[in-house]
Structure formats: structure tokens, C-alpha cells
Amino acid sequence: MSEALPKKIGVYKPTQFLGHGAMGNVYLCHDESLNRMVVVKQMVPSLYDHGTFVERFEREAKILAKLNHPVIVQPYALWQETSGQYSLAMEFVYGKSLRVLLDKKPKPPLWAVMEILYNLSSALAEAHRYGIIHRDIKPANIMIDKNGRVRLLDFGVAHDENDQELTEDFAQLGTASYMSPEQIHDSKSITPASDVFSIGIIACELLLGQNPFRGTSLAETFSNIQKKKVSSKFFDASVPKEMVIFIQKMLSKDPKKRPMANDVAEFFSMNMRRYPRDLRPYILEWANATLNEAETTFTPAMYSEKKKLSFKAGLITGAVVSIIAAIAIHFF
């Protein structure tokens with residue numbers, strides 16, 4: 001039986017029921033004033049008497065409003081209907097989740113892995129600068145949109161270090177097989193380093209074709225996260241040795257020994273320096289080929305270091321000529 005659509009949610013017209021979220025229903029709606037599609041979350045009335053859920057619903061909107069990054073979805077409005085129902089309108093991201101893509105083809109090409117990890121870590125570096133910890137980094141919350149952009153979704157359980165922590169009703173917040181060791185013990189006292197550990201798990205899953213910590217039970221998964229070390233022998237020869245070492249640092253059991261998200265972004269940016277600056281067309285082609293279970297021949301060509309040095313030399317020569325010309329003009 002299909003979900004009955006409300007006639008209106010605020011100023012938006014619902015067109016499709018997208019599903020049940022942790023705290024309410026999610027609808028695809030048409031914003032008639034700007035002729036665009038938006039996503040609206042509506043909190044279910046049964047949770048209104050529980051103040052923590054109302055606070056968390058409002059907090060997600062306020063956290064998103066703090067952040068301004070092309071990878072992070074944008075909020076549009078937070079309001080309470082005359083009926084008392086809380087609603088949150090957000091940017092609609094049309095695309096497929098990384099989870100869907102990995103279920104089709106578990107191991108993306110190395111260049112796609114680096115592009116995904118760069119964008120993810122860059123977005124989290126922005127969040128961490130504002131004291132925001134996501135706490136639920138996983139492939140299902142990462143999307144490739146219709147333009148080939150990597151997008152990060154769902155800050156529903158995020159923590160703002162600048163605000164007083166909400167009383168939690170759960171032993172853990174997050175998804176078991178992507179948690180950090182400290183998150184298993186106490187989700188209320190984790191740091192940005194926990195998000196970095198989660199990126200490390202995703203890096204392994206992309207490069208190995210599977211999550212190395214996922215067990216056959218919750219207890220086994222938690223035990224693996226707390227004790228298991230990812231050996232360099234797990235990676236094939238196509239993965240650069242320095243990348244393996246860096247990922248192992250991200251997966252350090254000691255949060256203080258992990259790099260910051262900004263360092264992660266810088267690392268993958270440096271390793272991508274020989275690829276085209278804009279990889280969106282290639283990511284889109286890879287995603288479409290993956291969904292169709294086909295091989296793609298549309299892959300980015302790497303620039304040789306010699307060409308890059310020639311280009312730099314050309315820039316330097318051009319700059320010198322410009323300076324000489326400027327001096328000549330000044331004297332003549």
C-alpha cells in the first residue's frame with residue numbers, strides 16, 4: 001500500500017514519498033515559487049513528547065546551516081506547522097548512494113577512490129573547523145549526484161562541540177561496521193578523529209572490495225574494530241605503498257595518532273595532482289557504467305611529470321618576460 005501524500009507541507013507540494021527516516025517521514029516536494037525539487041523531513045507526532053528528538057531534529061537543521069561546502073547538502077527552511085508538526089526542507093540530491101554502487105561493483109578504480117576520499121575528507125574538514133562531528137560516515141550517506149559530484153548526507157546524529165550535548169537514548173550512535181573504537185565505548189565523548197577512522201574504513205572497503213572489520217555478528221564487528229589491524233598484505237600492488245601506510249594511520253586505535261581530516265584531504269589531493277582538475281565527467285561515467293554493470297573506457301588520462309614541469313617552466317618564463325616587459329615600458 002502506497003503512502004498517502006499530504007496536499008501541502010508548508011509552501012511545498014509533495015510529489016513522492018521517499019521513505020521513513022529515524023525520526024519521521026521523508027518526501028520529495030516541488031517548490032513552486034522557484035520551480036525546483038526539495039526534500040522535506042517531517043517529524044512523526046508520536047515523538048513530540050520526547051524533547052530529545054525535537055532538539056535533535058532542530059539541531060540537524062542548525063548544523064547544516066553553519067556549513068557552506070559544495071559536498072554538504074544545504075538546508076532551506078525549518079518550521080513548525082500550525083498542527084504542531086516539525087518540518088525541515090533541504091536540497092534534493094538526485095543520484096545514487098555509494099552503497100548502491102559498491103553493491104554493484106565493490107572495487108572502483110584507484111582514481112575514483114581518491115576523488116571520493118578527497119571530497120569526503122574535505123567536507124569533513126570543513127565540518128570539523130566548525131566543531132561538527134558527523135558520527136555516521138558510511139557509503140549509504142555518500143552520494144554521487146547526476147553531475148558526478150560527491151555529496152555527503154545525513155547529519156541527523158551529528159554532534160556540535162559548541163553546544164551542550166543532548167541526553168542520548170542509545171548505547172551507540174552511528175553504524176556499527178563504520179564506528180571508531182572510542183565510538184563503541186562512548187558516542188558522547190568522541191572527537192573529529194572518530195570521523196577520520198570511519199573514512200579509513202571506507203578507504204579500505206573501496207580498495208579491498210569489502211569492509212575489513214565487518215563480522216558475522218555485532219559482537220564480532222566490535223571486536224574487530226577494537227583489535228584487528230589492517231595489514232599492508234591486504235592491498236594489491238596497484239595501491240601505492242605510501243597510501244597504504246597513510247590509511248593505516250587513519251585506522252590507528254589511538255585517536256591522537258590519526259591525521260586530521262584536512263591532512264587526509266591534502267594527502268589525496270597531492271596524489272591526484274597528475275589527473276585532470278575536474279573529474280566529475282569521469283566519476284559520472286564510472287557511476288553510470290557501474291549501475292549498468294558495464295566496463296567504462298572513459299577514464300582520465302594522467303599528465304606526465306615532464307609535461308607538468310614544462311607547463312610550470314612555461315609559466316615561470318612567461319612571468320619573467322612580463323616583468324622584463326614591464327621594466328622596459330617603465331624606462332622607455
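Some observations on this one:
- Listed by Cβ neighbour count within 10 Å, with the fewest neighbours leading, 196, 73 appear as 73, 196.
- Residue 185 paired with residue 82, simple spin-label distance in nm, labels 7 Å along Cα-to-beta-carbon: 5.3
- Where labels lie 7 Å past Cα in the beta-carbon direction, separation of residue 274 and residue 91 in nm: 3.3
- Modelled FRET efficiency - R0 35 Å, residue 16 with residue 220, Cβ distances, 0.05 increments: 0.35
- Among 273-279, 35-41, the peptide with the highest mean count of other Cβ atoms within 10 Å heads the list, and the full ranking is 35-41, 273-279.
- Dipole size of the stretch 95-291 about its Cα centre, with +1 on Lys/Arg Cβ and -1 on Asp/Glu Cβ: approximately 920 debye, rounded to the nearest 20.
- Taking 22 Å as the limit for the C-alpha separation, the pairs 7/96; 41/138; 227/249; 96/233; 96/241; 138/228 exceed it in the case of 7/96; 96/233; 96/241.
- For the peptides 217-224, 11-18, residues were scored by their other Cβ atoms within 10 Å and the scores averaged per peptide; the highest-first order is 11-18, 217-224.
- By other beta-carbon atoms within 10 Å, ranking 111, 79 with the fewest at the front produces 79, 111.
- Sorting 128, 159, 69 from the fewest to the most surrounding beta carbons within 10 angstrom yields 69, 128, 159.
- Dipole of the stretch 95-291 computed with +1 at Lys/Arg Cβ and -1 at Asp/Glu Cβ about the Cα centre; of 176, 237, 208, farthest Cα towards the positive end is 237.
- Extended-chain gain in nm, criterion 0.36 nm per residue less alpha-carbon gap, residue 4 and residue 295: 100.7 nm
Every read-out reported here was derived from the displayed coordinates using simple, explicitly stated rules and does not represent laboratory data. From a predicted model like this one, the values you see are computed outputs, not experimental measurements. Note that we place each Cβ from the backbone using ideal geometry, even for glycine, and neighbour counts take in every protein chain shown.
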